[in-house]
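Data block below; observations after.
The values are calculated or read from the model by the stated rules, or taken from the named source; none is laboratory data. Since the structure is predicted, the reported quantities are computational estimates derived from the model, not experimental observations. Cβ placement follows ideal geometry from the backbone for every residue including glycine, while neighbour counts extend to all protein chains displayed.
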Amino acid sequence: MNITKKKSKNKFELLSPAGSFASLIAAIGAGADSVYFGIEDFNMRATARNFSLKDLKKIAEICKERKVRKYLTLNTIVYENELGKVEKIIKEAKKYVDAIICWDPAVIGLCKKHKLGFHISTQASIANKKSAEFYKKLGAERVVLARELSLEQIKEISKIIEVEVFAHGALCVSESGRCFTSQFLFKRSANRGDCLQPCRRAYTIKDEEGNELKLENNTVMSAKDLCTLPFIEKLKLAGVKAFKIEGRNREPEYVDTVTRVYRKALDKKLSEKEVKESLEEVNKVYNRGFSSGFFLGTPTNDDFSSVEHSSSSQRKEFIGNIYHYFDQVQVAAIKMASGRIRIGDELLILGDKTGVVRHRIEKMEIEKRVVSEAVKGQEVGIKIADVRKGDKVYLIVKK
């Protein structure tokens, strides 16, 4: 069954990353029009959990109810001895996905052979109208543009073919790819989806005599994350039809938060106050600071991150698991494995079937007695809707 012609119910399509079933459920619940994901091998996030071929049927069933489209990434370098396996994947995926995201001509040829729609990956670095015309003639339904383009350049290419851009998430120092740093240092190829991200590390300058200087900002290759919220209306006017959130390696709460924020931004024009509130929301989850990328001009020194890891305003602390859930009264029995929780605290509940649930504690009971706090070793009951036995429970903590 080829279902590539199904279109979004919304004017602008929002694509969210799915690196796990929990993230998939989170993306759908937060309002994604489509999800993109990889399976073991042949995708640019080999270090993510990823799915297997046998998971495709389950993914399709989950997405069908909400009419969410499914895009499978096959966008790494592919060697001669791997083409048979790629074809096997495409033949099986045809039954369950709406399109393949790829760029290798061999993979494109296999998609055409098996009559499965394809989108051209950003790995192809499409940066002009002639390239867009070339892939359109090949049969591409959409192109994911190179990240080095300005709004004006995007506007011209969008006249040729439907375009997709990255709207939010991590930026590679080499932008659209072709980075070999990880391969040189660790023999782990970024172009095979196996990057160890040495660019995110802090560096020290050393001369031939061994004298060292620590740079004022020693994360000299670590780009800030892309965030288009302040100028997303300009992207709409530039002809962008599909807005992609980067983050198949990110946690479900990241997918949930960023998807919800961009869903709102695509469905209406945000006021200045709403933009500010939206920026505060995405700053709560993983980020290295925010940049406008190339959209508004060439990045400057201000577009490099000053942190080696996340600068998010919040973090989560694991406190325990739901060991029983009473459906009729919607009460979760939580076994406290660590930490302390109090009335007024915000909890984050994660699960492969639950996705992401946030809950502010209003009441707790231990052995049918109302309490104001619970600590490690105790079993506490909290009224929480839409969670399940086995879900993990975290405490949200402000940094």
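Numbers at a glance
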| item | result |
| --- | --- |
| Flag for SER131 being of a type outside the set (D, E, K, R), surrounded by fewer than 24 Cβ atoms within 10 Å (Cβ to Cβ) and at pLDDT below 95 | no |
| Test: residue in region 222-232 that is of a type outside the set (Lys, Arg), in a loop (DSSP other than H, G, I, E, B), at negative phi and modelled with pLDDT under 95 | yes |
| Residue that is nearest to GLU141 (Cα to Cα) [pool: residues in region 101-121 that are touching a helix residue (DSSP H, G or I) at 6+ places or on another chain (Cβ under 8 Å) and small (Gly, Ala, Ser)] | GLY117 |
| Answer from ILE126, ILE101 - the residue that is closer than 30 Å to SER305 by Cβ, within 18 Å of the chain's Cα centre (by Cα) and aliphatic (A, V, I, L, M) | ILE101 |
| Selection within region 166-187 - surrounded by fewer than 17 Cβ atoms within 10 Å (Cβ to Cβ) and in a loop (DSSP other than H, G, I, E, B) | VAL173, SER174, ARG178, PHE180, LYS187 |
| Of residues in region 233-254 being under 18 Å from the mean Cα position of the chain (by Cα) and not charged (D, E, K, R), the one modelled with the lowest pLDDT | ASN249 |
| Residue list for region 369-399, restricted to those being at pLDDT 95 or above, at negative phi and in a loop (DSSP other than H, G, I, E, B) | SER372, LYS376, GLN378, ILE384, ALA385, VAL387, ARG388, LYS389, ASP391 |
| Residue in region 195-208 that is modelled with pLDDT of 90 or more and part of a loop (DSSP other than H, G, I, E, B) present | no |
| Matching residues in region 303-350 - criterion: being of a type in the set (D, E, K, R) and either in the same structural domain as LEU149 (by TED's automatic domain parsing) or within 22 Å of the chain's Cα centre (by Cα) (or both) | ASP303, GLU308, ARG315, LYS316, GLU317 |
| Cβ-Cβ under 8 Å pairs, at least 6 apart or on other chains, region 262-277 side assigned by TED's automatic domain parsing to the domain that holds LYS234, far side among the hydroxyl-bearing types (Ser, Thr, Tyr) and crowded, with 19+ Cβ neighbours inside 10 Å | LYS264/SER278; ALA265/SER278; LEU270/SER278 |
